[in-house]
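FYI, it's all coordinate maths here, none of it is from the lab. Because the structure is predicted, anything quoted here is derived from the model rather than measured.
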Amino acid sequence: MKKILFNVVMYIFTTTIIFAQSNKYIDFTLQNLKGENIKLSDLAGQKVILLNFWTTWCPYCVKEIPELKKYYSEYKDKGLEILAINIQETPNQVKNFISKRNVDYPILLDKDGSVANQYGVRGIPTNYLISKDGMIIFSGHSLPSEENIRQSLLSEPTKKPTQLPKKKLKK
């Protein structure tokens, strides 16, 4: 049983790492809590983007909030955009949760979990750091280090951002 559990954990870990090392960002459009559509490709090339997949019931997600707030406060004017993507919870649940915690970074709603699925999210929280080139340069169940974020903000894009096409579902 321990060997099976170990293999499952290693599969999840390695698929997340492989995804991060070999892929460009996958474009999506999600609504924020105001009902406005936010398209990832509108930000790519202009900012370093931290995608944070989370839920209100996840204790590790809650634990990341103070650090996310710190990163946003310190680096939003220096080119960092945080997009916290809530997975499959109602807007009211999310609004109540973030208002109690004074969250000021953008919250997006992945109502059906399709974006989390496209990004291969296998556990939460899951974080992706996307460079100005559109490359996923960090992926993990913890936040990237502050040094990683600073270095990403200092680097200049070497080319126009690119993206992977959306996965098409077979009918």
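Values computed for the structure shown
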read-out: Cα convex hull of the range 16-126, projected area averaged across orientations, nm²; value: 6.8 nm²
read-out: Tail beyond 15 Å, pair distance distribution of the range 78-164 (Cα, percent); value: 66 percent
read-out: Rg over Rh, two decimals, the range 48-88 (C-alpha only, Kirkwood Rh); value: 1.00
